[in-house]
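Below is one structure; the comments refer to it alone.
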Amino acid sequence: MSERDVVIRVEGLHKRFGHLEVVKGVDLDLHKGEVVVVFGRSGSGKSTVLRCINFLDDPTQGTIEVAGMRLSGGFRSRRKREQIRQLRLHVGMVFQQFNLFPHMTALENVRTAPICAGIKDNRIHAMELLEQVGLADKANEHPIRLSGGQQQRVAIARALAMRPDAMLFDEPTSALDPELIGEVLAVMKSLATELHMPMIVVTHEMGFAREVADRMLFFHEGVVWEEGPPERVFDSTQKPETRKFLDAVL
Amino acid sequence: MTDAGGRLERLALASARVPFRLKVALVWVVIFAVLGFFFWVAQFDTEWMRDNFTYIAKGLQYTLYIAIGGIVLAVVLALLGALARISSNPIAYGISGFYVSFFRGTPLIVQMFLIYLALPQVGINLHDRYPDLFPQTLTNQLILDAAVAGTLALGLNYGAYMTEIFRAGIQSVASGQGEAADALGMTYRQKMRRVVLPQAFRVIIPPTGNEFIAMLKDTALVSFLGVAVANAEIFRRAQLVGKSDFQNLEALLVAAGLYWALTIVFTFFQRRLEARVSRGYVRSQDLTAASAEEQKHGGGGGGIG
């Protein structure tokens, strides 16, 4: 892949919480149309990397490059805050707990960010997005009246509303009842295969990884311990730690 | 089973068939009957009360002016205070810390007198010392009308208490909500206005209604600043007319009735507002039905959801 195709570039990322260093030097490129699945034990730093990419967690060291903007962590001046905001507009994020806005309907949830960005006539686009995640008929429902799977699909539509260059999924199905996981994964898969949306997915859904991922990253003790295409990671695992983890989740 | 036990059992069974609300209504009727008896025993001059009712009730207008002015000021101050309290700006944090500490730490009546009497004095002395910097026209602004000074004091005092209510309300909004707004590229203002505050208000409104109802009655303190009759509120009018006719208790009873009626009216509106902001938290489509259901089960006083 050429240099031009890089959508997100993480270089030398470290993240410390107090004395605890959770991420210890991670480099990661996400290319156009690429699906990267990140997996590993809890506490291995995988979610933190995702949260550092859009500065929900502040990188202790290292840089994040998105859409030609290269930012590092540290003191947030007014100018820096605005740069971070601009960066976030290019990256959609989906959370484990959905984090839909409970006081808004599904449609309002999808419309609110573009409206904040000055795009007022976005009703049609928002309805298209809800259609895309299969929830056009729930447009006027509040989140509490939706199932977990439906809420997460609305959350995906909401993240897509800003027309991001890439998507970040932070364990999007971990909070769901088993029977609801499939519908969310299906939406993510269509996003990847039909729209070629570049995405980094932190998940333990190994079926999804094998089917959709272009590349898999195994996180262990704050670093990328092993990486490769799914076939290699699954079928000719290089590191014993990866094997052990895979055997536990498969 | 013994006879007595059987009778008790039958009584309990019969009682279980009477609706809860009917029983409560009955309790109220009994209480009012007792109060009515005391009222009758005390031989209050009801004719005087009737004759002077309108005179005292005219104070409603100013009571409402003061209370509404006070609560508006208090809400604005509480919002600013709470945002300062959770901000990382040391100036904002420091000012709001002092504000809450001082206005919660001193009596309301003292604050009223300070604003009414001390401010003009500061103004006069400033003008004497630095006549160029503080011309008379400017320092004269510190001489306030009693009602205005009272309203200011009420707003400042209640704003300090409500700062804590607002802060708790804002912090009660799940952190994921703010993160979702951040991740969507909203500015701090947008995040607060569209995501955090609407959810915080749901938590804030019941105790704020409570504060407003408390303030409604603390407006009576303004009378101690000696407001002119022309713009006196309920309590001041009751005092004035009661004193002149030696019917103090009757006058105060009329005032009490008016305050109580006001409270009932505002409690009604507070309930409606609570139901409104609970949209999105109640599964049932019909909110009014849902809130009625809550009230039936005794949850009405504590708010919905």
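Results, tabulated for the structure shown:
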item: Using alpha carbons only: equivalent-ellipsoid semi-axes of the stretch B:199-279, gyration tensor based, whole Å; result: 33, 13, 8
item: Hits among lysines - C-alpha to C-alpha of residue B:58 under 28 Å, sequence gap 8 or more where chains match; result: B:217, B:243
item: Normalised per residue, the volume of the convex hull around the Cα set of chain B (Å³); result: 220 Å³
item: B:132, B:245, A:58, reordered so the largest accessible area comes first (probe 1.4 Å); result: B:132, B:245, A:58
item: Highest-fluctuation residue, B:31, B:71, B:234 considered, GNM on chain B with Cα pairs under 10 Å; result: B:31
item: Positive minus negative residues near residue B:86 (Lys, Arg vs Asp, Glu; Cβ under 13 Å); result: +2
item: 17 Å Cα cut-off, lysine pairs counted over chain A (separation 8 or more, or different chains); result: 4
item: In Å², nearest 10: area of residue A:220 left accessible to a 1.4 Å probe; result: 20 Å²
item: FRET efficiency estimate (nearest 0.05) - Cβ-Cβ, residue A:193 to residue A:67, R0 25 angstrom; result: 0.60
item: Accessible area buried at the A-B interface, both sides summed, 1.4 Å probe (Å², nearest 100); result: 2100 Å²
item: Exposure ranking of A:16, B:237, B:167, A:123 by accessible area [1.4 Å probe, largest first]; result: A:123, A:16, B:167, B:237
item: Enclosed volume per residue, in Å³, of the convex hull spanned by Cα atoms of the protein assembly as shown; result: 259 Å³
item: Equivalent ellipsoid, chain A (semi-axes from 5 times Cα gyration tensor eigenvalues, Å); result: 28, 23, 16
item: Label-to-label distance, nm, for residues given as residue B:65 and residue B:136 (7 Å Cα→Cβ offset); result: 2.7 nm
item: Pairwise FRET efficiency - residue A:234 versus residue B:168, Cβ, R0 = 41 Å, nearest 0.05; result: 0.25
item: Beta bridges per DSSP with both ends in the stretch A:154-250, % antiparallel, nearest 5; result: 55 percent
item: Accessible area per residue in Å² at 1.4 Å probe, computed on the stretch A:12-148; result: 44 Å²
item: Extended-chain gain in nm, criterion 0.36 nm per residue less alpha-carbon gap, residue B:122 and residue B:9; result: 33.3 nm
item: Residue B:11 accessible area, 1.4 Å probe, all protein chains in place, Å² to nearest 10; result: 120 Å²
item: The stretch B:1-142, Cα convex hull volume normalised per residue, Å³; result: 305 Å³
item: Heavy-atom accessible area ranking, 1.4 Å probe, most first, across A:3, A:227; result: A:3, A:227
item: Heavy atoms of residue A:69: accessible area, 1.4 Å probe, square angstrom to 10; result: 50 Å²
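The values are calculated or read from the model by the stated rules, or taken from the named source; none is laboratory data. Predicted, not measured: the structure shown is a model, and the values here were computed from it. In this analysis, Cβ positions are derived from the backbone assuming ideal geometry, glycine residues included, and neighbour counts consider all displayed protein chains. Side chains included, ligands, DNA and RNA excluded: accessible areas come from the protein's heavy atoms. Shrake-Rupley method; radii C 1.70, N 1.55, O 1.52, S 1.80 Å.
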